[in-house]
Structures are given as C-alpha cells and as structure tokens.
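A.B. asks: Handing you this structure, nothing more for now.
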Amino acid sequence: MCILVVKPRNKELMERKTLKAMFDNNPDGGGFAYANNGKVIIKKGYMNFNSFYNALLEVDREVGLYDKNVIIHTRITTSGGTSKELCHPFTVCDNFDTMRKTEIETELVLAHNGIFQQEYIPTKDMKKINDTMIFIKNFIYPKFKEDSGFLNNNLVTEVIEKEIGTCKIALLNKDGEVFKFGNFIQDDGIFYSNNSYIEDDWY
C-alpha cells in the first residue's frame with residue numbers, strides 16, 4: 001500500500017536500515033521532495049534501493065536536508081501500473097504528463113498513502129495514471145489555483161480531511177512548509193504513514 005514519510009526540519013535523515021526496510025516492504029519505486037531557493041524539487045523513479053538511497057545522500061551532500069522538511073515515499077502499485085513516472089511525489093497541476101516527470105522544480109507537491117474513493121480510481125481506458133494523480137487534478141489543484149494559500153485555511157483543510165477518508169497525504173510548498181493529513185505514526189520525531197519502515201514487523 002506504500003509508505004509516506006515526513007522528515008521535519010532539524011532532524012537527520014533516517015538510518016539506512018530504516019530506508020531499506022521501507023523500500024523492501026514497498027518495492028515498486030521511490031521518490032522524495034524538498035524545497036530549496038523558492039522551489040520544490042521532486043526526484044523520483046528510483047526502482048531499486050541503491051539508486052534511491054544514493055540519490056538521497058547526494059542531495060543531502062549538495063543542499064543539506066537536515067534543516068529542511070522532506071517528503072519521502074516508496075510504493076506498492078495499486079493502480080496505473082508500475083513505472084518510474086508513477087512514483088510519488090507528484091507536482092500539483094492539472095496535466096498528467098507534467099505529474100509524470102521524474103525530476104521537476106515546482107510550487108507544490110503531494111504524496112499519498114492509501115486508496116482513494118472510487119471516483120478517483122482510473123478506469124481501464126485511462127493509461128499511465130493512478131488515483132493520486134486524478135485526486136490532484138480534480139480535487140487539490142482547483143483549490144490551489146483559486147488560492148495558493150489554501151492549506152492555511154482551516155475550512156479548506158477540514159474539507160480535505162473529510163475527502164481523503166482513511167488515506168494519508170502530505171503536501172510541501174515552495175516555502176518549505178509541509179502539511180500532513182491523516183493519522184501518522186511519530187517515531188523519533190519523524191512521521192510515518194504506517195509501520196512498514198520497521199524491519200520484518202509490519203504484517
């Protein structure tokens with residue numbers, strides 16, 4: 001079902017064994033996002049652990065992730081197939097081709113753990129997209145287009161909480177602010193959408 005992680009500012013990245021457990025338990029591709037210089041940077045499409053882990057370390061060396069909010073995601077395919085382009089996070093926009101980009105600088109990103117309600121599940125004729133992408137295009141993006149600060153509006157966030165049901169989502173904006181929705185596990189100051197970050201201890 002995937003795992004979604006939010007590493008807050010002023011926290012080190014998780015240990016290698018934790019990241020490996022995440023990938024081993026959710027092996028259909030990984031990605032992450034962080035904000036730097038007024039943009040959110042997505043890097044995703046890592047289909048094996050070593051490429052995923054090395055990419056995180058490289059970015060940490062280049063820009064320093066300790067003092068940044070970081071969204072990290074590893075995937076188990078539920079809709080749309082398994083591919084680099086369907087890894088999370090996704091840029092918040094109304095264009096599926098743009099969402100599929102494995103490296104992009106943007107203003108707002110979203111990652112998701114769970115399965116959205118039926119109206120967001122792609123039909124068989126909708127190729128190369130998943131429920132998260134439809135949710136972004138049909139539900140989140142219109143709110144962002146209307147008001148780029150919508151995540152600071154309590155009325156809007158209540159609507160989002162209701163819409164996602166038991167799912168968990170996290171959004172990261174260009175200012176480096178992170179917004180979590182749903183019930184996360186907090187472990188040593190880091191937020192996990194489920195316990196599949198624990199070696200051999202999640203079923």
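The values are calculated or read from the model by the stated rules, or taken from the named source; none is laboratory data. Source: prediction; values computed, not measured. Cβ coordinates were reconstructed from backbone atoms using ideal geometry, including for glycine residues, and neighbour counts include every protein chain displayed. Quick note on the areas: whole protein, heavy atoms, side chains included, nothing else; ligands and nucleic acids left out. Shrake-Rupley method; radii C 1.70, N 1.55, O 1.52, S 1.80 Å.
A.B. asks: Among the residues of the stretch 48-62, write down those that are of a type in the set (A, V, I, L, M, F, W, C) and open to solvent by 50 Å² or more (accessible area, probe 1.4 Å).
C.D. replies: Filtering the stretch 48-62 down to residues of a type in the set (A, V, I, L, M, F, W, C) leaves 49, 52, 55-57, 59.
LEU57, the sole residue that qualifies.
A.B. asks: Sort out for me the helices (runs of 4 or more DSSP H) sitting completely within the stretch 124-203 that have 1 or more residues that are over 18 Å from the mean Cα position of the chain (by Cα).
C.D. replies: Values: elements: 131-135, 141-146, 154-164.
Those helices (runs of 4 or more DSSP H) span 141-146, 154-164.
A.B. asks: Residue check, ASN37 against (1) open to solvent by less than 10 Å² (accessible area, probe 1.4 Å); (2) under 30 Å from LYS145 (Cα atoms), all met but one. Which one?
C.D. replies: Among (1) open to solvent by less than 10 Å² (accessible area, probe 1.4 Å); (2) under 30 Å from LYS145 (Cα atoms), ASN37 violates only (1).
A.B. asks: Within the stretch 96-114, identify whether any single residue is open to solvent by less than 50 Å² (accessible area, probe 1.4 Å), at pLDDT below 95 and closer than 22 Å to PHE23 by Cα, and answer yes or no.
C.D. replies: Yes, because at least one residue in the stretch 96-114 is open to solvent by less than 50 Å² (accessible area, probe 1.4 Å), at pLDDT below 95 and closer than 22 Å to PHE23 by Cα.
A.B. asks: Here's a follow-up. Please list, ordered by first then second residue, the pairs with beta carbon atoms under 7 Å, 6 or more apart or interchain, first in the stretch 17-35 and closer than 10 Å to ILE76 by Cα, second assigned to a helix (DSSP H, G or I) and not aliphatic (A, V, I, L, M).
C.D. replies: Pairs found: PHE23/PHE49; PHE23/PHE52; GLY29/LYS84; GLY30/PHE23; GLY30/PHE52.
A.B. asks: Determine, yes or no, whether ARG9 is modelled with pLDDT of 95 or more, over 28 Å from SER148 (Cα atoms) and open to solvent by 50 Å² or more (accessible area, probe 1.4 Å).
C.D. replies: Values: modelled with pLDDT of 95 or more: yes; over 28 Å from SER148 (Cα atoms): no; open to solvent by 50 Å² or more (accessible area, probe 1.4 Å): yes.
Against the criterion (modelled with pLDDT of 95 or more, over 28 Å from SER148 (Cα atoms) and open to solvent by 50 Å² or more (accessible area, probe 1.4 Å)), ARG9 does not qualify.
A.B. asks: Taking into account only those residues within the stretch 63-75 that are in contact (Cβ under 8 Å) with a residue 12 or more places away in the chain and not β-branched (Val, Ile, Thr), which is most open to solvent (accessible area, probe 1.4 Å)? Full working, then the answer.
C.D. replies: Step one: filter the stretch 63-75 for residues in contact (Cβ under 8 Å) with a residue 12 or more places away in the chain, giving 63, 65-75.
Among the residues that remain, those that are also not β-branched (Val, Ile, Thr) are: 65-69, 73, 75.
On the way: LEU65: 2, TYR66: 107, ASP67: 85, LYS68: 31, ASN69: 18, HIS73: 1, ARG75: 5 Å².
Result: TYR66.
A.B. asks: Could you tell me whether any residue of the stretch 76-90 is open to solvent by less than 50 Å² (accessible area, probe 1.4 Å) and closer than 20 Å to ASP175 by Cβ? I'd like the intermediate steps shown before the answer.
C.D. replies: Within the stretch 76-90, the first condition is being open to solvent by less than 50 Å² (accessible area, probe 1.4 Å), and the residues that meet it are 76-77, 79-81, 83, 86-90.
Still in the list and also closer than 20 Å to ASP175 by Cβ: 89-90.
Checked the stretch 76-90: at least one residue is open to solvent by less than 50 Å² (accessible area, probe 1.4 Å) and closer than 20 Å to ASP175 by Cβ.
A.B. asks: Right, another one. Report whether or not GLY45 is crowded, with 23+ Cβ neighbours inside 10 Å and touching a helix residue (DSSP H, G or I) at 6+ places or on another chain (Cβ under 9 Å). Let's see the steps before the verdict.
C.D. replies: Working: crowded, with 23+ Cβ neighbours inside 10 Å: no; touching a helix residue (DSSP H, G or I) at 6+ places or on another chain (Cβ under 9 Å): yes.
Against the criterion (crowded, with 23+ Cβ neighbours inside 10 Å and touching a helix residue (DSSP H, G or I) at 6+ places or on another chain (Cβ under 9 Å)), GLY45 does not qualify.
A.B. asks: Taking the stretch 63-77 as the region of interest, how many residues are within 15 Å of the chain's Cα centre (by Cα) and of a type in the set (Ser, Thr, Tyr)?
C.D. replies: So the answer is 2.
A.B. asks: Check LEU155, LEU172 and return the single one that is surrounded by 13 or more Cβ atoms within 10 Å (Cβ to Cβ) and either more than 23 Å from ILE3 (Cβ to Cβ) or at pLDDT 95 or above (or both). Break it down into steps so the answer makes sense when it comes.
C.D. replies: Numbers: LEU155 fails: surrounded by 13 or more Cβ atoms within 10 Å (Cβ to Cβ).
Testing whether each residue is surrounded by 13 or more Cβ atoms within 10 Å (Cβ to Cβ) and either more than 23 Å from ILE3 (Cβ to Cβ) or at pLDDT 95 or above (or both) leaves just LEU172.
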